[in-house]
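Novice: After the structure tokens below, expect a handful of questions from me.
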Amino acid sequence: MPNLPETFLKRMKERLGNDFPAFLASYERPPQKGLRVNTLKISPDEFVRRAPFPLDGPCCGDPACMYLTEEKAGADPYHFAGLYYLQEPSAMTVGETAAALPKARVLDLCAAPGGKTTHIAAQMKGEGILVANEIDPARARTLSQNVERMGVTNCAVTSAPPEKLAALFPSYFDLILVDAPCSGEGMFKKEPNAIPEWSEENVARCALRQSAILGEAAKMLAEGGRLLYSTCTFAEEEDEWQIEEFLRRHPDFVLLRQSKLYPHHFRGEGHFCALLERKNGQNTCPSPANTKPYPVRRNAAANRAFAAFAADFFDVCPRGEITTLADGRMYLVPAGTPDLTGLRLLRLGVELGEWDGKLFKPAHAFAMAFGGDARRKQTLSREESERYLRGETLATDLSDGWCAVCVEEFPLGLGKCVKGTVKNHLPKGLRKVK
Ligand code: SAM
């Protein structure tokens, strides 16, 4: 049992009454782990057939969300291939509630490390535009890596304060998720260092920050759009009262539903979630601005080099607008991407590779998104994959040139075939350390 703050326990006892002993007893159990199958890459049924560890579930209405007991699932080749995301079970219910539609404009405002972003991306099936934003630059890099690993093709990863986004996108998004920074009362088992940081003053500070973030989110929601607010805390100031105060300040919003999961009722660590809708024809939000499309920079020579590479690499090449930045990096821009000028942009759609004026060199992100469709594939067993993931060179029958290196049919990264060997092009930072 962790050493929980006295005031926290007193508050919980007042709140839960007769349920308090059951709540307290939940701290005797180890934290509940979960795994969400990435349906962009594999169906839940097929994953269960292949999974090298036991799974149990589903843990909510989404069949991709399962309970997990395996400790080392993060070191498995299927994890490197982005077949799943390790996520706490009650956090998955937030993604389930989001129920994002393909073709929608979606903003995940507080997105790192990307659990809910990648859940929403799976629901969107590569269609529409998903802006995943994280204010903290280091956390934004982790978010960007997870988006890449999961092979998401329609996401822009930005790192900006909410007010900067709100100035650019008045009344723009159909769905906004605010998975707010909070006092983390539901994280005490998983992250015990959150315990000494807890205080009533911190709860109050968090509530103020959440109120400010929600205010900015409201400005960006289109009429008829949905705002999903969630926290992993139990404090009313950050949950129910936060929503009550928001509705008072925004009479053009209605509450569709609200839920609070407690660890003594649900097999998970706990979460709060409220789904709101902005009604049509009312106005506490700014009018929509005429948001311009993303200014694609076409480079005919770079596009020709990519087309030549792709004709060798694929039977059917991925289609779409390609933008080539001044430094030569080429991206496949998701259809409907707005102008993101002025924002710190970490990722846009799929990074195809780099054009140095003479040669095209494919990027790791390209392999993770499209490598499964490659004609040039080096297919490895799970055991052989461990060698690739450690950075080793492999033997091959493929002719010279680039190939997608796959565990079974799922891409892990790129290799370059030279005279019967595959040179390892897995980025050094993503390799497995012994
Ligand atoms: N949605 C994420 C997921 O499912 O993986 C978890 C998000 S976490 C609960 C909240 C995030 O909000 C943190 O990454 C934190 O850096 C970010 N954050 C902190 N202060 C913020 C602020 N003022 N505005 C927006 N985001 C903030």
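The values are calculated or read from the model by the stated rules, or taken from the named source; none is laboratory data. Note that the coordinates shown come from a computational prediction; the quantities given were computed from them, not determined experimentally. Backbone-built Cβ (ideal geometry, glycine too); neighbour counts: all protein chains shown.
Novice: When you check Cys206 against the structure, is it within 15 Å of the ligand (Cβ to nearest atom), in a helix (DSSP H, G or I) and buried (at least 19 other Cβ atoms within 10 Å of the Cβ), yes or no?
Specialist: On the way: within 15 Å of the ligand (Cβ to nearest atom): yes; in a helix (DSSP H, G or I): yes; buried (at least 19 other Cβ atoms within 10 Å of the Cβ): yes.
So Cys206 fits the description; yes.
Novice: Sort out which residues of the range 84-94 are within 8 Å of the ligand (Cβ to nearest atom) and either closer than 17 Å to Arg141 by Cβ or part of a helix (DSSP H, G or I) (or both), and write them in order of number.
Specialist: Step one: of the range 84-94, the residues within 8 Å of the ligand (Cβ to nearest atom) are 87, 91, 94.
Residues satisfying the conditions are Ala91, Val94.
Novice: Select from the range 379-393 the residues that are within 12 Å of Leu414 (Cα to Cα) and surrounded by fewer than 17 Cβ atoms within 10 Å (Cβ to Cβ) and list them in ascending order.
Specialist: Filtering the range 379-393 down to residues within 12 Å of Leu414 (Cα to Cα) leaves 379, 388-389, 391, 393.
Thr379, Gly391, Thr393, listed by residue number.
Novice: What tally of residues in the range 264-298 results from selecting those that are under 24 Å from the mean Cα position of the chain (by Cα) and not acidic (Asp, Glu)?
Specialist: To start, the set of residues in the range 264-298 that are under 24 Å from the mean Cα position of the chain (by Cα) comprises 266-277, 293-294.
Now restrict to residues that are not acidic (Asp, Glu): 266-268, 270-276, 293-294.
Total meeting the criteria: 12.
Novice: Keeping to the range 379-434, report how many residues are closer than 12 Å to Ala81 by Cβ, outside any helix (DSSP H, G or I) and small (Gly, Ala, Ser).
Specialist: 2
Novice: Would you check if Ile135 is more than 9 Å from the ligand (Cβ to nearest atom) and β-branched (Val, Ile, Thr)? Spell out the reasoning first.
Specialist: Working: more than 9 Å from the ligand (Cβ to nearest atom): no; β-branched (Val, Ile, Thr): yes.
In short, no.
Novice: Return only the number of the condition from (1) under 30 Å from Arg267 (Cβ atoms); (2) outside any loop (DSSP other than H, G, I, E, B); (3) among the charged types (D, E, K, R) that Glu197 does not satisfy.
Specialist: (2)
Novice: Let me ask you something else. Looking at the range 148-168, which of the residues that are within 13 Å of the ligand (Cβ to nearest atom) and among the hydrophobic types (A, V, I, L, M, F, W, C) is farthest from Gly349 (Cα to Cα)? Explain how you work it out, then say what you get.
Specialist: In the first step, residues of the range 148-168 are kept if they are within 13 Å of the ligand (Cβ to nearest atom); the result is 150, 157-166.
The next check asks that each one be among the hydrophobic types (A, V, I, L, M, F, W, C); those that pass are 150, 157, 160, 165-166.
On the way: Met150: 12, Val157: 9, Ala160: 18, Leu165: 18, Ala166: 21 Å.
Here the answer is Ala166.
Novice: Here's another thing I want to ask about it. Considering only the range 98-118, state which residues are more than 6 Å from the ligand (Cβ to nearest atom) and within 8 Å of the chain's Cα centre (by Cα).
Specialist: Once the filter is applied, which keeps residues that are more than 6 Å from the ligand (Cβ to nearest atom) and within 8 Å of the chain's Cα centre (by Cα), the range 98-118 yields Thr117, Thr118.
Novice: Only strands (runs of 3 or more DSSP E) wholly contained in the range 217-336 count here; list those with 2 or more residues that are aliphatic (A, V, I, L, M) and touching a residue at least 40 places away in the same chain (Cβ under 8 Å).
Specialist: Filter on the range 217-336 gives 221-231, 271-278.
Novice: Go through Gly328, Gly281, Gly349 for me and flag whichever is at pLDDT below 95, touching a strand residue (DSSP E or B) at 6+ places or on another chain (Cβ under 8 Å) and on the phi > 0 side of the Ramachandran plot.
Specialist: Details: Gly328 fails: at pLDDT below 95; Gly349 fails: at pLDDT below 95.
The match here is Gly281.
Novice: If you don't mind, another one. If you scan the range 337-378, which residues turn out to be surrounded by fewer than 20 Cβ atoms within 10 Å (Cβ to Cβ) and assigned to a helix (DSSP H, G or I)?
Specialist: Gly372, Asp373
Novice: Of all residues in the range 121-132, which are over 17 Å from Tyr294 (Cα atoms) and free of Cβ contacts under 8 Å to residues at least 60 places away in the same chain? Talk me through it step by step, then tell me what you get.
Specialist: If we filter the range 121-132 for residues that are over 17 Å from Tyr294 (Cα atoms), which is where we start, we get 121-126.
Selection gives Gln123, Met124.
Novice: Sticking with this structure for a sec: Return the total of residues in the range 133-164 being of a type in the set (Val, Ile, Thr) and without any contact (Cβ under 8 Å) to a residue 40 or more places away in the chain.
Specialist: Narrowing the range 133-164 to residues of a type in the set (Val, Ile, Thr): 135, 142, 147, 152-153, 157-158.
Adding the requirement that they be without any contact (Cβ under 8 Å) to a residue 40 or more places away in the chain leaves 135, 142.
Within the range 133-164, residues that are of a type in the set (Val, Ile, Thr) and without any contact (Cβ under 8 Å) to a residue 40 or more places away in the chain number 2.
Novice: Can you tell me which residue is farthest from Arg344 (Cα to Cα) among those in the range 138-147 that are within 9 Å of the ligand (Cβ to nearest atom) and crowded, with 23+ Cβ neighbours inside 10 Å?
Specialist: Ranking the qualifying residues of the range 138-147, first place goes to Leu143.
Novice: Which of (1) within 14 Å of the ligand (Cβ to nearest atom); (2) surrounded by fewer than 22 Cβ atoms within 10 Å (Cβ to Cβ) is the odd one out, the single condition Glu70 does not satisfy?
Specialist: Single failed check for Glu70: (1).
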